[in-house]
Amino acid sequence: MRHLLAWLALALVASALHAAPLRPKDEVLFMPGTARVLPDGQYELDVHAWLYHKSRIRGINSALARFLDIDLPTLTPSARGRFEERTGLFHTHSNDERFIGIVLDGTKHPLPLPRTEDNGRSNARVVVPASQVRSKDRFVRFHAWTSVGDARRFRGQALLVPPEGLSVVSDIDDTIKQTHVRNRHEMLLNTFARQFAPVPGMADRFRMMSAADSSTRFHYVSGSPIQLYPPLADFLRDGAFPPGSVHLRESTTWRSLLTTDATRSHKLSAIERLMEDFPRRRFLLIGDSGESDPETYAELARRHPERVVAVVIRDVTEESRDAPRYVSAFQDVDPARWHVLADGADWPELPR
């Protein structure tokens, strides 16, 4: 009875605030966002939630494999297991028109998020008093509000970013993870069936930058779809990359899974938003030459010459710095501020 009364009391509070606990079949995925201290001393958390439930349609894995041109019967049992795990979030049903809440660690009362959209997403800037924030290891942690007795915990976190310091923005595929995006078949196998392989030396370099200054923060901005966040999060953790915020591309259909048209606009938007949220921070942009990172980062360097301290491009196309592509992309960008990095080469001396 006591638990029931407590649940009813919370439900009444949350109802007034337009929130409700999760239903038994509901699941929530939180993308790691950022947190900042506002001028009045309160904290603002950038929360990105996806509310969904899993599909039970028979044969959907085989259909997705055919769409991706992956021959499931030829895969080893371990590779097939990885395929089933990594594609799990591509056949879900998003729950729209729903209000959910989050509960900060160390508190009890749910904070409402906006009503979920057609794709099940609910994004919000949540402002909370400093007295409610318990930060640990540079993160503010929270979980989705569930009913009393529900042992499930769908956890989220927001990277606490100081107003000043260096923000390292890194791509993932072919920058810190070997994906071979330019070879479609290899890219699909490396994404869905094979163990993720880190680019040698990148985690060490990132950890060195993190250790050099406690105000340095990492932001992983990638064209990979958000459905791949769970295995990518495991990759970052297992590879000992510094934890950070993660900004993946919106993808709601199988067709949008393979498109790269929206990658550049996604990266531009995500990085511009970080720069707007933290106007006194400096930015180091790290990517690769496989797709549009040189052009994207060069555009940002021209827009914000005083804030982009350097651009580092990992060479995967065997183009020298004086290749026509780079000459065109980095026109009007200080030559000392951009670098093409071959595997095994020493890192350039970066401006402080």
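The values are calculated or read from the model by the stated rules, or taken from the named source; none is laboratory data. From a predicted model like this one, the values you see are computed outputs, not experimental measurements. All Cβ positions, glycine included, derive from the backbone under ideal geometry; neighbour counts span all protein chains shown. Heavy atoms of the whole protein, side chains included, go into the accessibility calculation; ligands, DNA and RNA do not. Shrake-Rupley method; radii C 1.70, N 1.55, O 1.52, S 1.80 Å.
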Item to check | Candidates per GluC sites (Glu not before Pro) in region 61-160, loop by DSSP, up to 16 other Cβ within 10 Å | outcome: E97, E117
Next on the checklist: For a quick check: with amide H placed at 1.01 Å from N, whose amide H comes under 5 Å from V340's, ignoring anything fewer than 5 positions away on the same chain?
Outcome noted: I313
Checklist entry - Could you give the length gained on full extension between R303 and D118, defined as 0.36 nm per residue of separation minus the Cα-Cα distance, in nm? => result 63.2 nm
Item to check | At R0 = 25 Å, FRET efficiency that the Cβ-Cβ distance of D96 and R182 yields, to 0.05 | outcome: 0.10
Item to check | Whole-angstrom gap from region 303-348 to region 63-101, using each part's C-alpha centre | outcome: 36 Å
Checklist entry - Rounded to the nearest 10 Å², what accessible area does I226 show when all protein chains are kept and the probe is 1.4 Å? => result 10 Å²
Next on the checklist: Please list, in order along region 115-132, the HN-Hα scalar couplings obtained from phi with the Karplus expression 6.51 cos²θ - 1.76 cosθ + 1.60 (θ = phi - 60°), rounded to whole Hz, x for Gly and Pro.
Outcome noted: 4, 5, 8, 4, 8, x, 8, 9, 10, 7, 9, 9, 9, 9, x, 4, 5, 9
Checklist entry - Which value in nm describes the separation of the simple spin-label points at S62 and D322, placed 7 Å from the Cα toward the beta carbon? => result 5.8 nm
Next on the checklist: Cα atoms only: what Rg and Dmax, in Å, come out for the chain?
Outcome noted: 21.4, 74
Item to check | Per-residue SASA entry for D334, accessible area with 1.4 Å probe, Å² rounded to 10 | outcome: 80 Å²
Item to check | 18 Å reach of a label modelled at S55, 7 Å along Cα-to-Cβ, counting backbone N of region 76-119 | outcome: 83-96, 118-119
Item to check | Sites D234 and S147, calculated FRET efficiency, Cβ-Cβ separation with R0 30 Å, nearest 0.05 | outcome: 0.55
Checklist entry - Can you list the residues, at least 5 places off or on another chain, whose amide H is less than 5 Å from the amide H of V168, using H built in the peptide plane? => result R217, F218, H219, L284
Checklist entry - So how strong a dipole does the chain carry about its Cα centre when Lys and Arg Cβ are +1 and Asp and Glu Cβ are -1, to the nearest 20 debye? => result 1420 debye
Next on the checklist: At 0.36 nm per residue, and after removing the present C-alpha to C-alpha distance, how many nm does the segment from S215 to E349 gain when stretched out fully?
Outcome noted: 46.3 nm
Checklist outcome for this item: Zone reached by a paramagnetic label modelled 7 Å from L72 Cα along Cα→Cβ, restricted to region 229-251 with backbone N below 20 Å, covers 231
